[in-house]
Amino acid sequence: MIATHIVLGADHGGFLLKKHLIDWLNTQYPTVPLTDAGTHSADRVDYPTIAATVCDTLKATTDAVGILVCGSGIGMSMAANRYRSIRAAVVTDALSAHLSRAHNNANVLCLGERLTTPLVAEGIVNTWLTTPFDGDRHQKRIQLFSSE
Ligand code: RB5
């Protein structure tokens, strides 16, 4: 497990998958605390607002990672990557999940409810949460990001 705390957020396009993942995480990793930053219904909300709440919470929480869900994962990743020290990756398959951790040390996973089934999302989240960062040459590259 790459973190001791997980912060989740979704807009109206992703709240059902977020709810599924929270239930699944509570079963799969019962000792890992979760923070649910909303939203909780199909009422429209703006994904940058949710991304901001999650990124602010991550900054204030030791050893935490984030999971953001919208319709595609794309808007959430664009919004989250504006924040210093946030490395958000849109992931649609297990290999991307692995590489986003091993090579990019992603600390926010972005999923699209319209693109990814709950079962596939479980596999992605499991791979993502259990893949360590390879460091070394990849660390040097991450330090070249202007926002690090
Ligand atoms: C909301 O309709 C949708 O645009 C949003 O969930 C997300 O997919 C944006 O990238």
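The values are calculated or read from the model by the stated rules, or taken from the named source; none is laboratory data. Keep in mind the model is a prediction, meaning the values are calculated, not measured. Please note: Cβ atoms are built from the backbone with ideal geometry, for glycine as well, and neighbour counts cover all protein chains shown. With ligands, DNA and RNA removed, areas are computed over all heavy atoms of the protein, side chains included. Shrake-Rupley method; radii C 1.70, N 1.55, O 1.52, S 1.80 Å.
What FRET efficiency would be calculated for the residue pair residue 46, residue 140, taking the C-beta separation as r and a Förster radius of 35 Å, to the nearest 0.05? Walk me through the intermediate numbers first.
On the way: r = 36 Å, r/R0 = 1.03.
The calculated FRET efficiency here is 0.45.
If you filter the stretch 107-148 for trypsin sites (Lys or Arg not before Pro), then keep DSSP loop positions with at most 14 other Cβ within 10 Å, what is left?
Taking the stretch 107-148 and a limit of 14 other Cβ atoms within 10 Å, the loop trypsin sites (Lys or Arg not before Pro) found are 114.
Tally Lys and Arg at +1 and Asp and Glu at -1 over the other residues with C-beta under 14 Å from the C-beta of residue 57: what net charge comes out?
With Lys, Arg at +1 and Asp, Glu at -1, the net is -2.
So if we plug the beta-carbon distance of residue 16 and residue 93 into 1/(1 + (r/R0)^6) with R0 = 25 Å, what FRET efficiency do we get, rounded to 0.05?
With R0 = 25 Å, the Cβ-Cβ based efficiency is 0.75.
Is there a quick way to get the dipole size of the chain? I mean about its Cα centre, with the Cβ of Lys and Arg at +1 and of Asp and Glu at -1; what is the value in debye to the nearest 20?
380 debye
From the protein chains alone at 1.4 Å, what is the descending order of accessible area for 72, 100, largest first?
72, 100
Ratio of alpha-carbon Rg to the 2.2 N^0.38 Å globular estimate for the stretch 1-139, to two decimals, please.
0.93
Along the charge dipole of the chain, pointing to its positive end and built from +1/-1 on Cβ of Lys, Arg, Asp and Glu, which listed residue (123, 64, 39) has its Cα farthest out?
64
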